1. Would you be able to say whether some residue in the range 298-316 is closer than 26 Å to Thr4 by Cβ and either touching a Phe, Trp or Tyr at 6+ places or on another chain (Cβ under 7 Å) or in the same structural domain as Arg161 (by TED's automatic domain parsing) (or both)?
2. So which residues in the range 135-161 are within 21 Å of the chain's Cα centre (by Cα) and either exposed (fewer than 15 other Cβ atoms within 10 Å of the Cβ) or assigned to a helix (DSSP H, G or I) (or both)?
3. Which of the residues spanning the range 204-235 are over 18 Å from Val316 (Cβ atoms), touching a residue at least 12 places away in the same chain (Cβ under 8 Å) and either in contact with a Pro (Cβ under 6 Å, 6 or more places away or on another chain) or not in a loop (DSSP other than H, G, I, E, B) (or both)?
4. Being β-branched (Val, Ile, Thr) and either surrounded by fewer than 16 Cβ atoms within 10 Å (Cβ to Cβ) or under 24 Å from the mean Cα position of the chain (by Cα) (or both) is the filter here, so list the residues in the range 224-258 that pass it.
5. Can you pull out the helices (runs of 4 or more DSSP H) entirely within the range 278-368 that have at least 3 residues that are under 17 Å from the mean Cα position of the chain (by Cα)?
Amino acid sequence: MINTVDLFCGAGGFTEGFRKAGGFKNIFAVDFDLKAIETLTYNHPGINGICADISTLDSQKIAQLTGGQSIDVVIGGPPCQGFSLAGRRLPDDPKNKLFLEYVRIVKELKPKVVVFENVVGLMSMQGGLVLEAICEEFSAAGYEVAYEVLNAADYGVPQARPRFILIGRYGKGPVNMPNPTHIASSKKSNGDLFSGHLLPHVSVKDALADLPKIHQGEGTESTHFKVKAQNQFQQLVRGQRQSGILFNHRATRHNLNIIERYNHMPQGGDIRSLPEHLRTKKNNVFRLLDSVPARTITCNFRTDIIHPWIPRGLTVREAARLQSFDDDYCFFGNLTRKAKYVTQDDQVGNAVPPLLAQAIAKHIKEYL
């Protein structure tokens, strides 16, 4: 087995993808949020999920967690907003704390491969100097790195979600990125010579058509399927743990004014598509177009991303489907942000899509 550690694991999207790839064993995963760890450990029984500030994991604690086992891969995506630079270096500044703690633990564990995931905007932060400094940190730790922006839709995820992926390999040359498995139908129909072996992107309709049609205020935290899967993607995400069970499919209740606004919004449209009297100052509300992959799923999908056929925001399960989580992957926590811990929405919106993680995991096996 290939031993992994997941830092800033959240609800476990990275770990889930590596599990699906087969041959990987998670030794421990850490996140500061209790509900995210509860979600991770429920869906991955036996994983040592640690709810802690990563800075509290000193050498002694890390040795205790690994139990003397060597670690082959460290995965994770620390928040990188507001980086502080001194020239071309990342100084010991509170803004850089989480990333530098990530590097510290990498140096402690000395894995063969590091997989670092983050927002696309990282590449242009401070004119590219932040990315340069990050690469230098990994290089100083002995890793040769390669990086690229990968679109989750190109790996079977029903969502056009671009993510920055960096793969570092210790002392043996860089690791290339995994080849896409899917392509936009328009590119395939245009006769691209290199697209013949690629599957078409999974659309919103492909992903959501078999889910129970519930209206605003309806649904439950647990139910059972009453229809058969209609395509390969639906079969894939029906679940392996408790097949046939559907978790977290509960819709937010909207008032009549909001319902009218959503009713008038066309597929693929936004606030600007509405008649003047229905518009609001909030412009970042979009209705999904069912014939293509979804736009990026954010943490505000209950209010900002509208179902293509029903005038309401998405349920946690619909958003999780568009992130490529299995239907029996259960998310814990509140649905509002009044509580101490991150919500189910935050856990889904912040996650690495498991099918993207699976593609990365399968690819790096070739280098281990």
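1. For the range 298-316, residues closer than 26 Å to Thr4 by Cβ and either touching a Phe, Trp or Tyr at 6+ places or on another chain (Cβ under 7 Å) or in the same structural domain as Arg161 (by TED's automatic domain parsing) (or both): absent.
2. Initial filter on the range 135-161 (within 21 Å of the chain's Cα centre (by Cα)): 146-161.
Glu148, Val149, Ala152, Ala153, Asp154, Tyr155, listed by residue number.
3. Scanning the range 204-235 gives Lys205, Asp206, Phe233.
4. Residues of the range 224-258 β-branched (Val, Ile, Thr): 227, 237, 245, 252, 258.
Those that are β-branched (Val, Ile, Thr) and either surrounded by fewer than 16 Cβ atoms within 10 Å (Cβ to Cβ) or under 24 Å from the mean Cα position of the chain (by Cα) (or both): Val227, Val237, Ile245, Thr252.
5. Values: elements: 301-304, 316-323, 344-350, 354-365.
Of the helices (runs of 4 or more DSSP H) lying wholly inside the range 278-368, those with at least 3 residues that are under 17 Å from the mean Cα position of the chain (by Cα) span 316-323, 344-350, 354-365.
The values are calculated or read from the model by the stated rules, or taken from the named source; none is laboratory data. Worth saying up front: this structure is predicted, and the values here are computed from it rather than measured. Ideal geometry is used to build each Cβ from the backbone, glycine not excepted, and the neighbour counts take in all protein chains shown.
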